[in-house]
Structure formats: structure tokens, C-alpha cells
């Protein structure tokens, strides 16, 4: 369930928020009489934004009028803006195909402008462009294609920072916060909210401020169990929404408040606020909000044990709207509850039908425990009441298959754990016995080192070449693209090569060596993947890069977040690629070192990566873990010698000296003098 | 939990990358057919209709990947994952990028590949 999706609804509400009904009427009257021209477009735009919160149909019709008029008067910028607005309106109405279509149109229009670089409207064009990229991020987010959503929103934030386009930047920051929240990355989520809040405050944008309050409140209540505190944030937010007269915003906050009260077990208060949510959502004809409202009401009614008729009506309403807009994710609970009610009433046909509807949805949500109960209920109904032997048998079989696969999965996991432990022991013995083999392995270390140096060399060379070319001639841009293309392709080939090689290696030490090489290539590869080449110099956004590097390393060492967590303390920083590559490799070595040695035998803990500029202008890096520490990790001395010297060599390049800190765990600090920001 | 193995068509003209991804996918239990250009890809569809196709945007001396994607989607109802060495800026200039496909940028990590595959497979199963 993603009730938080709703938060994004008020995308540019503050423009319209100041308006009173009287303004609506006078504007509507005025616009009819106005001659075709930029002023009329301006007023139509005002109107479409005014209605965005209360009447989507009207808003849409004004947007189409803008399209018409700007085509007639040849006003391409207004046309681009209108396309963008229509994209948003469709997105709010959950018409994703249409929304995607108009987003594309808007982007194409803005793109043509950007290339021409017309002076007067440049800021508007840049804001529109970044805004559209942000909207596409939302479009992905609404459809739960989260990896794409993250890429677009990060891009919008980058563009916003570069061009000073605060609005899309702040909007994307808050969405990113919600995505990180979905992924249980609470610290990053709060960081994003705080930067968004600062930006909204700078813009003097009450709607945004209130959204940030809500976000912080939600993390407090849903994840940190501080619902009292969250209520205070929600009330602040509600105050702002009231002042703005944004009913959609208020309805959303009502739902949040209801949720907080429900968590605090103040069911009466929760009920009151949920009812307010539903009433407003019905008035606004906001289907998404209505689904959330009804689903909450139905759940509360079940908890309170309300009369059957009332519960039935609520479930039916909830299911009706959810089916209408295709929000099926949480619906299996609704179907199943409805089945329960019908069963109690003795309407077994209907009960069986609803249980049957619930099953595939529960399976989609991977809720196998629920699924098991569901199949069992079906079995009982068919067997005892409908006397339908074949269906009873089918349900029983489904129940058993599901039951077996659940318990098999548990057994399988146990076997896997045992064999993993066995493998580890075997490997340790092998290492001890085969000093000879390790010496041979060194030759492979050397080989991989050569490959890496070659790759760094080729990469560096090509990029230097790249920059010279761009300065000379715009025509050669095509060629540059081609070169980048090849570098990226070659890095992919290198990565695949190492991966394939590792499939043919039996020797444990050699396999480790190749895997380490693979990690190094991936660390470099991620930089090239994220490289932004629009401007001179070639920039790497470090926050996003390091989050991905951390995830990649955890995955490579097969560690789960709940065993070892990576915590990031990162200043927003753009580094030149010449600095970013050695920096990425250094961090890769240090983090890999911690992951490999600090947490043996399932020990839990965390690794902290900190990157900041100190007052004297040096770039400081700290990688620290709270693991077993230097003394307790006997393998550390021999096996990491290559990794350690890699850190030394690369640090020298950036004029820094690695220092190992005293204290628990293992911590390294490096202060770099020679680095280049982009 | 039981995983439904899918039929995957991998059209990649870089042999090492193709082999690596093929082995990775087969290890996950899928049936993988490979091709190096659009022509052989379409012929391969005659033998095994794919649930999911992994494509590039460009192939040397061959039909462009976007057109191939349209054919695969309309005729075989396959869903599509693009992998590309192109950069952001290049992609943003081409409006077709914003059609409903997943895109994975080279060089990608194994983790990114698995994540992209997961969402592509979910869409393919719908």
C-alpha cells in the first residue's frame, strides 16, 4: 500500500491557493471577453491552476483552450507549458497513458527551446524542462517503477541545482524522500525532506513547506513510532492547507491524522478524521484518496466490530472504487473480508467467489501466509457448504502446494546456511594449505591490476580527448557521444569478462581476487554510468553515486541491510571525473575491506561513509565500521595488501595520506588536498 | 517460492556481454534465445515466442532496436528492456525514449541488472 502517493497530488497548488471563489468568477467572466493574445493565455493558465485542486474536468478544459490558443498565436512556450500541465492533470486522474504522452510532447517542445537558448525566457524554459523531468519521475513513481523514478528525480534535482530552478528541485527532493522511505532508508529520506524544506522556505512556498512537514511527520509516526510528535507536524501542515484553502490538501492531512490516531489506539478520533477524508474526497471526486479513505474506514469498522451491514457497505464501496482505478495492491484484504462476511451470512457462492478473487492478488503481494489461510477457507466452503468436490480438491491442492513451498523455502534457507558455513570452513582450510597456490594467485592479482590501470588509462585519455574536441567544434559533439558510448560499452565488456572468468575458477583465493577486480570495475563503471556531460567539466554527483556503490558492495558480499547497514554522511558534492574515479576506487577498497573482515559469523553492525569539505578547504573522507577491529581480524594483514597499497597509491594522486584511527572497529580518515570540483 | 521460468530473447551484438547475461539468466531458471541483430532476432521468434526481449537501441547494419521493439510488442506481446551505452543527454533528445520501456544504462552492475530484470519480468507476467 502506498498512501503516500497522494502527497504528490498538489504539484503546483500554491499558485492557485490564494484565490477565493470570487476571483474564480471574475476571472471566468473576464476570460470570455478577452481578445486572443498572451494576456488571455495568462488568465487561462491561472484558471486551470485554480481548478486543479477542486475540479479536474474544468482544469483540463482550460488547459486544452491554452493549447488551442497558443497554437493559433504561435506561442510555443505557452504550448509547452500547457502540454506539461495536461500531463499533470492526467497523472492526477490516473490516466497514465495520456499523462506519458503529454509529458513526452512537453519535453520535446522544451528541448527545441533549450537548443536555441533564447535569452529572455531562458529561466522559464529551464524551469519547465526540469519540471517536466520531475513530472516524468512522478509518472514512474505512480506506477511503481521506482528505479526509473529515482533516476528522473535525481536528474531533476541536478538540473534544478544547476539552473537555480527551485520549484522542480524541491518537488523532486520530496518525492525522492518518499521513495527512499519506501526502501526503508530513513536517514536519506529525512535528508531529502530537510533540503526540500529549506528550498521551499527560500521560495516562500507554503504548500511545499506543509508537504515537508507531513513527510517528516510520517517518518516519525509510521517508522519511528513517535505519533504524538507526528500529530504536531500534521497540525502545522493542516493549518497551512486551511490558509491556502486547498481542500485536496486538507483531505490528505485528515487521512494522515486519522492514521496517527489509529496507531495511538484512539479509534474514535481516527474514525472521525477518516470520515472527514472520505467526505472531502467524494466532494472532490478524488478516486485515489477515496480508495485510501474507504480502505481505512473498512479496516476500522472491522476492528470495532461494527454491524455487518455497515461493514459490508464499506467494503463494497472500497472495492468498487479501487477496481475502477485499478489500485489492486491492498485489495486482497478487502476481498477476503467480504468473503468472510458473506460466509457468515450463509451466502457461500458469493463468499467463494470473493476468496477466489483475493488469491491471485495475495500471491502478487507475496503474502503467502495470507494465501494459505485463504485457500483453506475456500476448501472448507467447497467441502462443507457448496458440496463441490472438484473445487474443494483444487483448493486443497493449492493450499498444500503453497504450504509446502513456504515451509520448503524455510528448509531450503536452512540447508543453504549450513552449506555456506561448510563452504567457508573448507575455503579457510584450503587457503592455509595452499600457500603455493596463493603465490600463483598473485600473478593473477597483477594481471587484474594491469587491466584496471589500462581501463583507468583508457578512460582518462578518452575523456581528456573529449574535452578538447568539444571546445573546438560543436559539430564534433556527435563524435564525442560516440566515444563515450564506446567507453561505456568497453567497461561493460570488461565487467562481463571478469564475471565470465570467475565462472571457470575453482581456487578460492583466485576467485576472491577476480571478484575484487569485478567490484573495482563496477565502482568505476557506476561513475561512467552517472556521468553528466552536458557542460565542461565532466561532473559526477557524489551522493547518488555512493548510495549505489554501497548497495552494490552489500550485494557483492551477500550481506543484507539487517546484518550490516551502510550509513552515509555526505555533503552535496559534484566532483570532476578525474577526482571522482580515484575517490570511488578508494571508497570501494575501504568499504569492501570492512564488509569482508569486520563482521564475521553473521556479526551485525554498520559501516559509515562520510565525505565533507573541512574549513581549510580540504576534502575529507572517513570510512568507519563498528566490527571486530584490526586485532581480531587475522586475515586482514596478508590478503588486503593489494587493496591497501591501492588506497595508498590512489591517495597519493589526490595528495592525501590515509590514517587509521584508534578506537573500536576499524576506521580510516583521509584528507585530500589535490581535488577538483565540477 | 516457485518462480515461473520465462522465455527471454536477448539481442546483443557484443558477444562477451551476451554470453555473460545469458548464463546469468539461465542460472535464474529462464529459457534464453540469443541473436546479434534484428533479422536473426525475428527468426528466433518463429521458434520460441519471447515473453521478454532485451534489446539495444542500435545494431550495426540492421534494423534499429526501437522498431524491433515495436514489432516484438505488437506481434508477440513481448515486454521490452533496453540496455544502452548511450548517455542521458542523447536519450533525452530522442522523444521515443519516453515510451513505456525500461532502460538500463551501460556500464551496469550485476545488482542493477537483477533489479531491472525483476521489474521487467513482473511486467512481462501481467
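Values in this text are rule-based calculations from the coordinates and carry no lab data. Predicted model only: the values in this text are computed from it and were never measured. All Cβ positions, even for glycine, are placed from backbone atoms using ideal geometry, and neighbour counts span all protein chains on display.
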Exercise. Give, as ranges by residue number, the residues of the range A:490-517 whose backbone N falls under 20 Å from the point 7 Å along Cα→Cβ of residue A:456.
Key: A:490-496, A:498, A:513-517
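What FRET efficiency do you get for residue A:279 and residue A:384 if R0 is 35 Å and r is their Cβ-Cβ distance, rounded to the nearest 0.05? Write out the running numbers ahead of the final one.
Numbers: r = 42 Å, r/R0 = 1.19.
Result of the calculation: an efficiency of 0.25.
Averaged over B:109-119, how many beta carbons belonging to a partner chain fall within 10 Å of each residue's beta carbon?
Working: counts 16, 8, 8, 9, 1, 1, 4, 3, 0, 1, 5.
Shielding by partners across B:109-119 averages 5.
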Quiz item: Which percent, nearest 5, of DSSP beta bridges in the protein assembly as shown are antiparallel?
Solution: 50 percent
Quiz item: According to a simple spin-label model (label point 7 Å from Cα along Cα-to-Cβ), what is the distance in nm between residue B:40 and residue A:464?
Solution: 3.9 nm
Exercise. Grab the DSSP H runs of the protein assembly as shown that are 4 residues or longer, score each as -39,500 (n - 2.57), total them, divide by all residues and round the 222 nm result to the nearest 500 deg cm²/dmol.
Key: -23000 deg cm²/dmol
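Between residue A:308 and residue A:433, what length in nm is gained on full extension when 0.36 nm per residue of separation is reduced by their alpha carbon distance?
Details: separation 125, 0.36 × 125 = 45.00 nm, distance 7.25 nm.
Working it through step by step, the gained length comes to 37.7 nm.
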Practice problem: Please give, to one decimal in nm, the separation of the simple spin-label points placed at residue A:664 and residue A:34, each 7 Å out from Cα toward the Cβ. | Solution: 6.6 nm
Quiz prompt | Shielding by partners, peptide B:72-85 (average Cβ within 10 angstrom, other chains) | solution = 1
Exercise. Place a label point 7 angstrom from the Cα of residue A:202 along the Cα-to-Cβ direction, then list the residues of the range A:551-591 whose backbone nitrogen is under 13 Å away.
Key: A:572
Self-check item: Computed over the range A:225-325: relative contact order in percent, which uses C-alpha pairs under 8 Å that are six or more apart
Solution: 21 percent
Self-check item: Cβ-Cβ FRET estimate between residue A:353 and residue A:182, R0 fixed at 35 Å, reported to 0.05
Solution: 0.60
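Can you work out the FRET efficiency for the pair residue A:616 and residue A:486, with r the C-beta to C-beta distance and R0 = 51 Å, to the nearest 0.05?
On the way: r = 41 Å, r/R0 = 0.79.
In this case the efficiency is close to 0.80.
If I take every Cα pair under 8 Å that is 6 or more residues apart in chain A, average their sequence separation and divide by the length, what percent do I get for the relative contact order?
Values: 884 pairs, mean separation 37.7, N = 678.
Value for chain A: 6 percent.
How big is the protein assembly as shown by the Kirkwood estimate over distinct Cα pairs, in Å?
After inverting the pairwise mean of 1/r, the radius is 29.3 Å.
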Quiz item: Could you give the nm distance between label points at residue A:576 and residue B:122, where each point is 7 Å from its Cα heading toward the beta carbon?
Solution: 4.2 nm
